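Novice: Questions regarding the structure given below will be posed in turn.
Bear in mind that the values in this text are calculations on the coordinates, not laboratory data. Computed from a prediction, not measured in an experiment: that's the story for all the values here. FYI the Cβ positions are ideal-geometry reconstructions off the backbone, even for glycines, and counts take in every protein chain you see.
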Amino acid sequence: MAGSAAAGSAAGFGRFTHALVRGIPASLATEALRTAAGGADVDADRARREHHAYVEVLRDRLGLRVVQLPADEDLPDCVFVEDAAVVCGDTALITRPGARSRRTETVAMKSALEELGLNIVEMTDEDATLDGGDVLFTGLEFFVGLSKRTNQKGAEILAEAFKDYAVSTVPVLEGLHLKSFCSMGGPGLIIVGSSEPAQKALKIMQQMSDHHYDKLTVPDDLAANCIYMNLPDKGHVLLHCTPDEFPDSAKVFEKLKDHMLIPVSNMEKVKVDGALTCCSVLVNKTAHI
Ligand code: GLY
């Protein structure tokens with residue numbers, strides 16, 4: 001999927017005005033999907049407090065306009081909104097999540113994105129699956145992880161939706177999603193975990209790309225899931241793990257001297273495979289939308 005010529009410049013990469021988030025149902029604690037059987041119990045109230053703090057950072061500290069979708073008890077994983085939509089520019093691709101129990105999470109997401117005035121493209125092909133957690137947008141191109149949740153057909157439909165960008169696929173050999181071990185730390189900077197599968201996936205991405213990416217390796221794969229923004233008056237911003245969660249990885253972020261570094265706790269949601277990027281869909285609602 002070479003796509004058309006890549007957009008060429010990452011100008012505006014990381015600029016966001018809105019964040020869509022969703023509440024946490026009590027069912028998260030008992031019914032949310034998790035890759036590791038028999039892991040620690042989730043405390044839904046604690047998860048809610050943690051999520052509240054996350055939303056406060058987006059709204060009060062960073063000034064984004066936050067759209068809050070209500071929790072749905074029938075959708076235990078609904079707080080992980082990232083999997084339901086991929087937004088780039090003025091287009092929103094409503095996905096077809098890989099887990100059956102998560103398919104209808106897209107209904108509320110579609111309405112909210114329509115209300116924001118985005119052009120909606122829906123993944124309706126019954127052979128396609130795609131979770132937003134498998135989609136890494138670098139500002140120049142897309143990498144799509146082929147995982148237990150996302151298949152080749154899903155990646156092809158994403159390439160159709162975002163024709164201005166090249167789309168390459170990467171096998172996800174371990175972990176839930178591609179972004180379970182990597183994310184963007186800025187234009188041209190990929191943050192990646194130090195495990196062998198994570199480093200291998202990065203090598204594949206670097207080999208497939210026409211662009212150069214620097215890497216920032218952190219000891220813990222899960223700590224490599226960060227949220228990068230470039231905001232007026234704030235510049236480069238990075239939401240990342242706290243020292244309580246991953247002390248060694250948290251230290252590595254201190255190397256990013258040009259970034260406003262904001263540690264955000266994710267201790268409860270991570271028990272059911274939720275990472276920082278999972279809990280919001282970021283939109284740049286510019287004048288042309
Ligand atoms: N619990 C997040 C997911 O499995 O999709």
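Novice: Share of antiparallel DSSP beta bridges in the chain, in percent to the nearest 5?
Specialist: On the way: 19 of 43 bridges.
Bridges in the chain that DSSP calls antiparallel: roughly 45 percent.
Novice: To continue, here is another question. Which percent, nearest 5, of DSSP beta bridges in the stretch 137-231 are antiparallel? Could the numbers behind the result be given before it?
Specialist: Numbers: 5 of 16 bridges.
DSSP beta bridges in the stretch 137-231 are roughly 30 percent antiparallel.
Novice: Under the Karplus relation 6.51 cos²θ - 1.76 cosθ + 1.60, θ = phi - 60°, what is the ordered set of whole-Hz ³J(HN,Hα) values for the stretch 270-282, x standing for Gly and Pro?
Specialist: Ordered by residue, 3J(HN,Hα) equals 5, 5, 10, 6, x, 10, 4, 5, 4, 9, 8, 10, 9 Hz.
Novice: Above 22 Å lies some portion of the pair distances; for the stretch 1-127, what is it as a whole percent of all C-alpha pairs?
Specialist: On the way: 3627 of 8001 pairs.
It works out to 45 percent of all Cα pairs.
Novice: Hey, another quick one. If you take every DSSP beta bridge fully contained in the stretch 1-95, what fraction is antiparallel? Give it as a percent rounded to 5. Don't skip to the end; give the middle numbers.
Specialist: Working: 4 of 9 bridges.
Given both bridge residues lie in the stretch 1-95, the antiparallel proportion sits at roughly 45 percent.
Novice: Right, another one. So, counting K/R as plus one and D/E as minus one, what does the shell of residues with Cβ under 10 Å around Ala108 add up to?
Specialist: Details: positive: Arg22, Lys110; negative: Asp72, Glu105.
Combined, the nearby Lys, Arg, Asp and Glu give 0.
Novice: Right, another one. Distances over 29 Å make up what percent of all Cα-Cα pairs in the chain? Show your work: numbers first, answer last.
Specialist: Working: 10527 of 41616 pairs.
For the chain, the share of Cα pairs beyond 29 Å comes to 25 percent.
Novice: Still on this structure, please answer the following. Is the shape of the stretch 156-239 rounded, prolate or oblate, going by the alpha carbon gyration tensor and its root eigenvalues a ≥ b ≥ c, with a/c under 1.5 for rounded and a/b larger than b/c for prolate? Mind dumping the intermediate values first?
Specialist: Numbers: a/c = 1.66, a/b = 1.05, b/c = 1.58.
Verdict is oblate for the stretch 156-239.
Novice: With the cut-off at 24 Å, report for the stretch 38-196 the share of all Cα pairs above it, as a whole percent. List each step's numbers first, then the result.
Specialist: Working: 4743 of 12561 pairs.
The share of Cα pairs beyond 24 Å in the stretch 38-196 comes to 38 percent.
Novice: Still on this structure, please answer the following. Among Leu140, Leu202, Leu256, which one moves the most in a GNM of the chain with springs linking Cα atoms closer than 10 Å?
Specialist: In the Gaussian network model the winner is Leu256.
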